[in-house]
Every structure is written in structure tokens, then in C-alpha cells.
Amino acid sequence: MEGVRGSLGEMVSQLLPPSDSDSGSAFKDLNVVAMLHYFWEQKQAQRGIIRSDSLVVYESAPSPSPPYICYVTLPGGSCFGNFQCCFTKAEARRDAARIALMNSLFNDLPSRRITNEFISQSLEEAASTTSGCIGDASDPSTSIGAYCLMLELNTGKTMLEFQEIMTVFQLLHWNGSLKVFRERKCSRQEVITYYSQHPLDECTRSHMALDWMVRERDNPGVISQELQVALRELGEARRAGRELRFYKEKKEILSLALSQAYSEDQECGSTEAHWVETDRGHVYVKDKEQSMGEDQPVETVPSYAYNLDNEQSLGES
């Protein structure tokens, strides 16, 4: 532990201006936003990568009043958020940057890289905690073998980089895509090899959103229910200081599906079901048969009520 602390202290001192590097007071009021940018600027330069766009992307959750929430996305896709209760947007930004900087520094330690020794230890641990056998590691069609293949494909990468790839497979599992691949007789090795080389992009997100829109037609209200779960999970993970990309991607995919469902109903106009805006938020309603000369009543589907402006009350406060 002391070795880890010493390494982290040395890395932090390298990010400080020369005049402050030997001053204990420098740690009391660090410009963590600038330090985080400088850290990743140096990392990209070491890899020979020159980017004209923003290295680190900040995103504030819509909120008319405190507490404020800010997310920061690092190169590669890892995401962190402020875990403290922040009463200004600047404070939330600094807190999110602080969490991201701590994880970035810790992730850069030699012990956080995937090595052959790490793979062996991980497989032994996986075999001891599941019904799998260590002998299955050479067979990608087994769970242990698939895990072994993923680790081997990422040998030399950091745990944060490995988590970015794992997030893609978490989303594929959550969305039901892996089940579809099995039904189409795609081998685990084919799926792992393909998605290890293809990062999550807008096309993949759009396809997942379409999958949820199809489920919505069969089971009205399912998007809203799943979105509330995703918001709660995102809030819990953020307050625990964990990496957030999986939870945030779920939220954005479901929000996209919800928005598209709303747009479709607006375009149809005279369909049997549509969205209306009420004091409860956006609510999905079904029209009953219209009586001659009478106003048309509506039947509300309560499970599909979702307030787009009240995300914080669903797990983000």
C-alpha cells in the first residue's frame, strides 16, 4: 500500500507546476480540471495522438436548482461523476474532475495492467467462484474460455481500457443482443473478436434504441420502467464514485428510444395511442371509442408516465 501511495504522490507532483511541486499547501487547492486535462494531453502525446477536439468532455445534468450533477468522459469512453452534494455547477465540475483524476492516476500504475500473471490469477479466481473449470480456459465456447479470450486480447492494456471494452459486452447482454447472436449460431469467439475491435458508436446505440421501441410495442411502458431503473442505478453508482459508462449509456439509449417513440406518435396524430404532456410529465395514453357529439376520453397507462424534467428525483439526487 505504501508503494502505491508513493507512486501516486510522485505522479501527482509531476502534474504540479515546478514552483508548487515541493509545497504541501499546493494540495489544498488543486486545479483538478487543468490537471486532468494535462494528464490526458501527456498520455495522448506519448502515444503520438494529436487531437483537435476536447480530450476530456464535461456534461452537466439539466437541473433548475441545486444539487448539481456533472459527468466527465475520458478519452476511450470511461465516465465519472461528482459524488458529493454540490451547490454550484463549478463545484460539481471540479468534484467530477477530481474523481476522474484519481482513477486516471491509479489506473496508470504498473499493477493495473493486464499481464500473463494477472490473467492466470483472474482465471483461477473465476473458476473458484463459478461452476466453471480452469481447464475450460482454452475453449472459447465456455464462460471461462470466453473470459480468458477477452483478457488475452487485451494483454498489455490497463484495467480502465479493459473496462471500456467490457462495457460494450455488458450493454450487448443487457439489450439482449448476445442472445440473438447465439440464436444466429454466432460463436462467442466471433462476437468477442468483432466487438473488441469495434468501439461503441452512434450506430450501435441507434440499433439498441430500435430494439427497445419494438419491445415497447409489445409491452407498453417497458421503456419508462427500464429507464427509471437505469436512472436509479446511475445515481447509486455516481454517489459511490464508480465508473459510470455502462449506466449512463443505458440511460441515453433508453432516452433515445423514448424520444423516438414520442416522435412517432406525434407524426401519426390520429392513432389509437399517443403522448400527452401533463403535470406528471409525458404520459402515454390510449384513446377509447369516440361517442358522437362527445369529447373523446382517454385511458392513461400509468406505468408509462415519465417526467423528462425530473431525472434527479429518479435516482440522481
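The values are calculated or read from the model by the stated rules, or taken from the named source; none is laboratory data. In this text, all values refer to a predicted model and were calculated from it rather than measured experimentally. Note that we place each Cβ from the backbone using ideal geometry, even for glycine, and neighbour counts take in every protein chain shown. These area figures cover heavy atoms from the full protein model, side chains too; ligands, DNA and RNA do not enter into them. Shrake-Rupley method; radii C 1.70, N 1.55, O 1.52, S 1.80 Å.
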How many residues does region 153-198 contain that are in a helix (DSSP H, G or I) and either of a type outside the set (Val, Ile, Thr) or closer than 25 Å to ASN103 by Cα (or both)?
31
With the first residue restricted to region 99-127 and required to be under 12 Å from MET159 (Cβ atoms), and the second required to be in a helix (DSSP H, G or I) and hydroxyl-bearing (Ser, Thr, Tyr), Cβ contacts under 7 Å at 6 or more apart or on different chains are LEU109/SER7
By residue number, the members of region 49-70 that are under 18 Å from the mean Cα position of the chain (by Cα) and open to solvent by 10 Å² or more (accessible area, probe 1.4 Å) are LEU55, VAL56, VAL57, TYR58, GLU59, SER60, ALA61, PRO62
Of all residues in region 114-138 being crowded, with 16+ Cβ neighbours inside 10 Å and outside any helix (DSSP H, G or I), which is modelled with the lowest pLDDT?
GLY132
Test: PHE83 is in contact (Cβ under 8 Å) with a residue 24 or more places away in the chain and assigned to a loop (DSSP other than H, G, I, E, B)
yes
For region 97-108, indicate whether the set of residues that are among the small types (Gly, Ala, Ser), surrounded by fewer than 16 Cβ atoms within 10 Å (Cβ to Cβ) and under 22 Å from PHE246 (Cβ atoms) is non-empty.
no
Taking region 71-91 and keeping residues more than 15 Å from ALA34 (Cα to Cα) and either out of contact with any helix residue (DSSP H, G or I) (no Cβ under 8 Å at 6 or more places or on another chain) or open to solvent by 40 Å² or more (accessible area, probe 1.4 Å) (or both) leaves GLY76, PHE83, GLN84, CYS85, PHE87, THR88, LYS89
Do we have GLU216 as over 30 Å from MET102 (Cα atoms) and outside any loop (DSSP other than H, G, I, E, B) here?
yes
Taking the condition of being assigned to a helix (DSSP H, G or I) and under 17 Å from TYR71 (Cα atoms), how many residues in region 221-254 meet it?
19
Taking into account only those residues within region 206-249 that are open to solvent by less than 60 Å² (accessible area, probe 1.4 Å) and basic (Lys, Arg), which is farthest from VAL57 (Cα to Cα)?
ARG238
Assuming VAL283 fulfils every condition listed in (1) open to solvent by less than 20 Å² (accessible area, probe 1.4 Å); (2) modelled with pLDDT of 95 or more apart from one, which condition is it?
(2)
